[in-house]
Each structure stands twice: as C-alpha cells, then as structure tokens.
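First up is the structure itself, then whatever we jot down about it.
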Amino acid sequence: MTQRRILVTSALPYANGHIHIGHLVEYIQTDIWVRFQKLRGNQCVYLCADDTHGTAIMIRARKEGRSEEALIAEMRDAHIRDFSEFDIEFDNYGSTNSDENRELCAQFWKSIRDAGLVKEKEIEQLFDPEEGTFLADRFVRGTCPKCGAADQPGDNCSKCAATYSPADLKDPKSTLSGATPEIRTATHLFIELEQLHEFLDEWTQSGDHLQAEVANYLKGHFLGDPLRDWDISRPAPYFGFEIPDSPGNFWYVWFDAPIGYMASTKQWCDANGEDFDKWWRDEETEIHHFIGKDITYFHTLFWPGMLKSAGFNLPTKVHIHGFLTVGGEKMSKSQGTFVMASTYRNHLNPAWLRYYYAAKLGSRLDDLDLNLEELVAKVNSDLVGKLVNIASRSAKFVGGQSLADSYPEDGGLFEAAAAKADDIAAAYERCDYSGAMREIMALADAANRYVEEAQPWTLKKDPEKQGEVQAVCSVALNLFRQLVVYLSPVLPRLAEQTVELLNVPIEKWDDVKTPLIGTPVSKFQHMMKRVTEEQVTAMIEESKAENEAAESEAAGDQWNDGPEALAAEPMSEECTIDDFVKVDLRVARIVSASDVPEADKLLALTLSLGGGETRNVFAGIKAAYKPEDLIGRLVVCVANLKPRKMRFGTSEGMVCASGSGGEEVFLLSPDEGAVPGQRVH
RNA sequence: GGGAGUGUAGCUCAAUCGGUUAGAGCAGUGGACUCAUAAUCCAUUGGUUGGGGGUUCAAGUCCCUCCACUCCCA
C-alpha cells in the first residue's frame, strides 16, 4: 500500500462562544477519520484554528470592556481544553488572527486582484451612530416593508417571507444600542465570482469532491443563474485585517477564515521542518475539509474559487454533515439540551459520546439525533456488555501469566475477523462509521459466543485442564484486541488500556491480522464504567442551571428579564387617557376554536362576552396553540374593533397576546374571578 | 416564495444497478447460564416502507401528486 499524504481540517470554531455537543459531532467525526488514516500508515495532518474576526467579536469585547485580543486568547484556551478532553488531537491549532494568516490573505488578495476579479461598488448600509459601527443585517430589526409585521430581521421577514435590504425596513432599530440607524454609503470591494462560473460548474459537478446531494443543491440553487458578486470588505471599525491597498477597509471574516486552514498548516510546517508548498501546491496531497451543512456554499463555491485564483490545490473532498438534534428537537437552552462540552465532561465520559456519534454517523448529511436514553442503552450494551465484557470474562483467568505460545485452534474466528479488515476500513474511509460499528459489534457477538461455548470458568476448576484455560483465554483476548484495533480511531483511550493489559503496542491497522502469542497479560482492571440515567439527568439539570444563571447575569436582576423584547419593539409615543379609552378591552371566553385549513397562521375563534354577545375572530396563533386547548379559557379582546373582511370570513375583533409571532405567542389571561363581558380599565 | 433533502418495526438505523419471503441492534416476551460491571447465550413477537396514483414481469428503490419534518437562500 502506498502512503497517502492527507491534509484534514474541521471548520474553525468562532471565538464568540464555547464548544458544545453540536460542535463535537464535527470534531469527533474528523478526529476519527484522521486517527484512522494515521493507523493505516498514511501521512495525515489535522489542522484547525479559532475563527476570531468580525463584528460579533468586536461588539462583545467592547461590552466586556477589554480588547479583542484578550477575548480571543481566553476563548482559544477554552476551546483547546475542551477539544483535548474529548481526545480530539490536532496537529496544530492556530488562530485566524495570526501573522501567518495576514500574510497569506495578502497573497490571496494579490492573486485575485491580478486575475481581475475585484471591483468596487458603493453600497448603502445602515450605520449605528451610537456604537459608531456599520450594522450587519442581523443587527437590525424593524417593521417589514411588505406585510407590516413588527420586529423582523434586517434581510427577510419571518411572517411573509419577503426578502429586502435592511435599508427598506420601516422603523429600523439597532439591536446593539436600540438607536435608529442612519443610512450611509460606503465603498465595498467585491469578487466577481461569475468569472469563475465555468470552473465551479466543472469542479462541483465532476469528480468526487462533494456528496451527490450537495452537488445537486449547488446546481439547483446557485449555478443555474449568474453568480452574484461577493462582498468581501467591511469598512472600519471592524476587528480583522485591514486590506493593504484599501485603507479603512477590512477583509470580511469569511474571506480570511478558510485561509486560516492554511495559516495553521504554515505554523505546523515551520514547527516540524515541513515544506508548506508540498501540502498546498503539490497535487499528490489530498485535502479534506469537514464542515456542517450550514456553511456549504462558503466551502464549495467561494473557497474553491479563491484557491483556484491563487493557484493552490483544490479540496479533494468536502465532507458535509448534518446538524445535531437532541431527543428529535433542536438543542434548546431552556430545556437543558444545549450542552456545553465542559458540562458534558462534568458528568459523562467523552468516550461514550465518541462511540455514540460514531454509531450514528453515516456518510450523508442527514441530521444526527442524540437520544439520551439510547446513549445509555448503546454504551452499556455495546461497549460494556459486549466489548469490554470479552476481556473482563477472560483476562482474570490468565492475569499475571502469558498468552499461549502458539495461537490455538479457534474455529476460524480470528481469521474471519481479520478478513473484515478491508470492509471495515472502506466504511471508515467513506465516513460510514455507523456501518463500521455494526460490523465490529457483530464480531464482538461472535467472540462472546465463543467464550460462552468454551466455558473457561468450568475448565478452570479442573487442574488437568489449565492448558485449555490458557488457550481459550488467548483466543478471547486476541479477538478482543482485534476489536480494539478496529475501534481505536473511535476509542483511543480504550486502545491504551488494552496496550497496558496485553503489553504490546497497537500501531497499525494490520495489527488485526496477527495474533499475539506468548506475551504477558497484566492483571485485569476495569476498562469502562456503565452510564446511569442519573448521570445524564444531572448533566441536563446543570445545563439548565447554567442557562438560567447566564440569562440572569445578562439581565442583571433576579427575574432574568433581558432587554431583547423591549429593544425589538421599542416604546410607542405617548398617548392620552382619551386615546386609551377608545379601545374597548373586554374579558371574553373562547367558546369555540377551529383550524382554518387554508390559512397558515390563523385559528377561527368564537368569543363570548356573556349574555349571548359573541365575536368571531381570526387570530394568528395557529403555530402556538391547539384549538382544543383554547376552548373554555378566558382571554382579553378588543371588542370594538372595526370588523374586517378576510379571505376566510369577517374578523370582528382581536385577541390580546404578546410575543414576536409564530410559536412565540402568549395569550393574555385575566386572574381568577373575572367574568366575560367585564371591561378592562 | 425558490432550492436541496428526509420519512422503513415501539426507538435508532440497514437494504448494492429496480430483483428471493424488507433486515439488524435496542426495547418487549419465553428459556438457558452463573466466568463477567444484572454482563452473556438460545428462541421469539413486532411492517399496508408517510397517503394516493402511475411505469414495470418485478417498486422501499423510478415518475406524478399530496402530507409532515430539516437545512439553505450570498
């Protein structure tokens, strides 16, 4: 087998937050692949870095009253600590805020300029006069210019799905300061990606660079039309690198972030006497990027385009994975399923998560669901019950002695398991870890059956049969070691423990093909504990508590009330008592509630004001309430609202509720004792 | 709104180019064993492959349509 030269990266974590179990899907996936490649004898380096630039970092540092450099240094230490606790082993962990990165950015920039891909355009952008900074779309909220929905983000409306530019918003507010932004023009630099259209068509649609569904997605969504220019500069103030030939402008964070892969490589090369060009300009080198599906287009359009323009190697493959859900739902801070790596570590063993993710990761970009009960079952059953059990039930009979001097007759088990080496390797290679785990666990079952039939515990009682005991245990321990070699990319610590037990290093994939003979066996020690549901529950509880503490700290008071709601929908102008009494608010009882099938957001309600007085109301609360849960409850309604014809009928009032819409709708309820028809003063 | 996906047993997933009676693990049930961390072994229940229609000798797989969910839209 010829040795491959492989450069591997995971996406750069942003220096604005800690590593959580969602991030870990990617780093564990990548780390397994890298460890596998190294075990196969390939020359493989795993590179990563913190992504440190951009507005979010600048704003956060400002809020915390310290420099960006201090913030990112602290975050980088925390990231490195988290990764190391999960046995994620980078060959170099850099930072996009490094000299190497600045130099490489300049080099890319010159190539892209020379290729005639850069042009300047004046664009209008909202500017926060209080913070003294231009505002990215997500930092502006206001009223949708199309449908008039309040509190919508700067680029599209969550109510009517209209897309627009932040400058079109009515009553825009900065989410940073609450100030009304001004429109200012600024010169931005753009890369004319369309000039690379033909190349990108070719690169994305041919070869094996992308998973099939990703190639389809790009074809369907981007490559069918001319590619838009890519805005890669941001005016000061901005935390990043100033563009050398455009003073006052900085490279957009997504320009310098992927270059960070190369800057990290450069650091590694310098530290290890390696030639940088061998890794990024020699076509013999394979380059593999592992990323999540949310950043697909940066890595499959811009990045190959940049590399092509600057004359570097193109990625051999971009491996894209799905998102993590917990219990079938998005990770949720309030439910405690948004678990930080460090919180997990406080309660559970990282090896469990590594195995669980491996058992569920396939080569496609389906989302991965972390089901906590399943985690408990899988770890206890597969790792403890099946795998470690093989050693546990055989090693103690030969502890302190040696394995048999020649490999005993085992009915072909060892050979059969060794024959799986290529299949299992192929599954790892294509990132089908779940397939690999299934094959390995089937072998573990076979090993347990062998021990079951051979009954070393019975043989042990007969002094004449001590040789047989040694033979049976030699087989069992060799089968166990085979499994551990297969699993060592996933469970490096278990591999180390096995080395201690059997006193022979595990160094290469082909170790599965040669049984150990005559080597000493150490005294058996427990290799892995079982998981309990209590541990999992404790982790979730701590995660919840952390979230509550964080919210409370942010709000600065004991009620956890944050400023977001008020900032999102700022106070209206003053009104008089006369203005207020024009609105006749009444307590009403919902006497019927039904779905409006043709409407996405509406429920049809009949409100009783008592004494036979009713109002038919269409309320936009479908996503938040089920009709059957509403019937009978008291609400507050606007009883004198002018009736309005809608497609589905006439609406004769409004039900009072707060919230931003969608599922975030909270009906007002009167306290106990109120009766329908009472006026609200 | 546009695009890309997903939907298979109670749960998590397989099923090669369209090809035998749709398979595993876990959970469940019955039994065996008692070396092992209540681990292991044997047997076994469980399916209208989201709904409907079509193509075909043959459809989980291909086509149309509807439903539900996920992600993306620079």
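Results, tabulated for the structure shown:
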| read-out | value |
| --- | --- |
| Helices (runs of 4 or more DSSP H) wholly inside segment A:400-476 containing at least 3 residues that are more than 27 Å from A:Tyr357 (Cα to Cα) and in contact with a helix residue (DSSP H, G or I) (Cβ under 7 Å, 6 or more places away or on another chain) | A:433-454 |
| Test: residue in segment A:43-59 that is within 20 Å of A:Pro489 (Cα to Cα), surrounded by fewer than 22 Cβ atoms within 10 Å (Cβ to Cβ), modelled with pLDDT of 95 or more and not small (Gly, Ala, Ser) | yes |
| Every residue from segment A:301-358 that is closer than 30 Å to A:Gln195 by Cβ and touching a Pro at 6+ places or on another chain (Cβ under 9 Å) | A:Phe302, A:Trp303, A:Pro304, A:Met306, A:Leu307, A:Leu314, A:Pro315, A:Val318 |
| Criterion: within 20 Å of A:Asp137 (Cα to Cα), outside the structural domain of A:Ala310 (by TED's automatic domain parsing) and in contact with an Asp or Glu (Cβ under 6 Å, 6 or more places away or on another chain) - qualifying residue of A:Pro172, A:Pro181 | A:Pro181 |
| Residue check for A:Ala263: surrounded by 19 or more Cβ atoms within 10 Å (Cβ to Cβ) and either at pLDDT below 95 or within 30 Å of A:Glu130 (Cα to Cα) (or both) | no |
| The lone exception for A:Trp33 - which of (1) in a helix (DSSP H, G or I); (2) surrounded by fewer than 19 Cβ atoms within 10 Å (Cβ to Cβ) it fails | (2) |
| Matching residues, segment A:419-454, being within 24 Å of A:Ala471 (Cβ to Cβ), more than 11 Å from RNA strand B (Cβ to nearest atom) and surrounded by fewer than 16 Cβ atoms within 10 Å (Cβ to Cβ) | A:Ala419 |
| Qualifying residue in segment A:369-384 (condition: within 8 Å of RNA strand B (Cβ to nearest atom), part of a helix (DSSP H, G or I), in contact (Cβ under 8 Å) with a residue 24 or more places away in the chain and surrounded by fewer than 17 Cβ atoms within 10 Å (Cβ to Cβ)) | yes |
| Residue in segment A:173-182 that is modelled with pLDDT of 80 or more, within 31 Å of the chain's Cα centre (by Cα) and charged (D, E, K, R) present | yes |
| Residue identified as without any contact (Cβ under 8 Å) to a residue 60 or more places away in the chain, away from RNA strand B (no atom under 11 Å from the Cβ) and more than 26 Å from A:Glu429 (Cα to Cα) among A:Ser332, A:Ser309 | A:Ser332 |
| Subset of segment A:221-245 that is surrounded by fewer than 18 Cβ atoms within 10 Å (Cβ to Cβ) and among the small types (Gly, Ala, Ser) - its residue that is nearest to RNA strand B (Cβ to nearest atom) | A:Gly224 |
| Odd one out for A:Lys293 among (1) within 16 Å of RNA strand B (Cβ to nearest atom); (2) crowded, with 19+ Cβ neighbours inside 10 Å; (3) in contact (Cβ under 8 Å) with a residue 60 or more places away in the chain | (2) |
| Those residues of segment A:502-534 which are out of contact with any Gly (no Cβ under 9 Å at 6 or more places or on another chain), within 16 Å of RNA strand B (Cβ to nearest atom) and either closer than 12 Å to A:Arg481 by Cβ or assigned to a helix (DSSP H, G or I) (or both), in sequence order | A:Leu502, A:Glu533, A:Glu534 |
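The values are calculated or read from the model by the stated rules, or taken from the named source; none is laboratory data. Because the structure is a prediction, the values reported are computed rather than measured. Here Cβ is always computed from backbone atoms with ideal geometry, including for glycine, and neighbour counts include all displayed protein chains.
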